[in-house]
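K.L.:
Got a structure here, written out as structure tokens. Questions coming.
The values are calculated or read from the model by the stated rules, or taken from the named source; none is laboratory data. From a predicted model like this one, the values you see are computed outputs, not experimental measurements. Cβ coordinates were reconstructed from backbone atoms using ideal geometry, including for glycine residues, and neighbour counts include every protein chain displayed.
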Amino acid sequence: MSKSRGFTLIEVVVALMVIALGVGGLLTVLSGAADNTGHMRDKAFAQWIALNRITELRVGRPGQPTRPETGTSRDIVQYAGTSWYLEQQISEAGIGELLRVDVRVGRAPGDASRVERDAGFDALATAVGFLSPRRTRSSGLAPEWGVSSRGGSGDRDGDRDGGGDRDGDGGPQEGAPP
């Protein structure tokens with residue numbers, strides 16, 4: 001007669017402990033990945049907020065002075081259903097009338113209703129920008145990086161207006177509209 005042998009109680013308990021350790025490790029990894037995903041989302045939002053503030057200063061708002069005042073200011077901004085601390089510091093850049101803007105953004109606690117005077121917070125993102133003394137709106141065209149005077153490098157015949165005046169007399173080209 002053959003005797004059938006199964007698992008002993010100790011073997012079953014050891015197998016269950018190994019499975020429990022494996023599942024526990026897997027849950028730890030998944031929890032860390034979820035936390036990291038949330039942190040990276042918050043960092044992306046904070047960077048967008050910082051860059052948006054620099055853009056607002058460059059473009060300007062109605063009723064806002066042409067040149068912002070130097071100094072540090074703090075604000076609470078609502079973005080993506082969350083409150084964010086925003087600190088901006090405007091200082092002289094040391095190059096002509098150029099201003100330097102440093103913006104720090106961090107997540108505000110859920111009960112944030114006002115900004116503390118010397119709020120110390122963990123910044124999730126920082127951005128640095130520069131403001132010129134004059135505000136100009138973008139034309140949407142590629143910038144002209146060449147020499148600003150007329151008759152630049154593309155002016156081969158020296159007519160100084162870039163009009164392709166081949167005979168050099170300054171007048172319109174033959175057959176061209178006046």
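K.L.:
Would you mind stating whether Ile54 is in a helix (DSSP H, G or I), touching a strand residue (DSSP E or B) at 6+ places or on another chain (Cβ under 8 Å) and modelled with pLDDT under 95? Write out each step before concluding.
P.N.:
Values: in a helix (DSSP H, G or I): yes; touching a strand residue (DSSP E or B) at 6+ places or on another chain (Cβ under 8 Å): yes; modelled with pLDDT under 95: yes.
Taking the combined requirement at face value, the residue satisfies it.
K.L.:
Let me ask something else about it. Applying the selection to region 1-59, what residues are among the basic types (Lys, Arg) and surrounded by 12 or more Cβ atoms within 10 Å (Cβ to Cβ)?
P.N.:
Of the residues in region 1-59, the ones among the basic types (Lys, Arg) are 3, 5, 41, 43, 53, 58.
Selection gives Lys43, Arg53, Arg58.
K.L.:
Now for a separate question. Under the condition of being among the hydroxyl-bearing types (Ser, Thr, Tyr) and closer than 26 Å to Ala125 by Cα, which residue from region 26-57 is farthest from the chain's Cα centre (by Cα)?
P.N.:
Step one: list which residues in region 26-57 are among the hydroxyl-bearing types (Ser, Thr, Tyr), which gives 28, 31, 37, 55.
Filter once more, so that each one left must be closer than 26 Å to Ala125 by Cα: 31, 37, 55.
Details: Ser31: 28, Thr37: 18, Thr55: 10 Å.
Step by step, filter region 26-57, then rank; the result is Ser31.
K.L.:
For region 37-51, how many residues meet the condition of being polar (S, T, N, Q) and either at pLDDT 95 or above or within 14 Å of Phe130 (Cα to Cα) (or both)? Steps first, answer last, please.
P.N.:
First, the residues of region 37-51 that are polar (S, T, N, Q): 37, 47.
Adding the requirement that they be either at pLDDT 95 or above or within 14 Å of Phe130 (Cα to Cα) (or both) leaves 47.
The qualifying residues number 1.
K.L.:
Here is a follow-up. Taking the conditions exactly as written (more than 30 Å from Leu124 (Cα to Cα), among the β-branched types (Val, Ile, Thr) and either touching an Asp or Glu at 6+ places or on another chain (Cβ under 9 Å) or assigned to a helix (DSSP H, G or I) (or both)), does Val23 satisfy them or not?
P.N.:
yes
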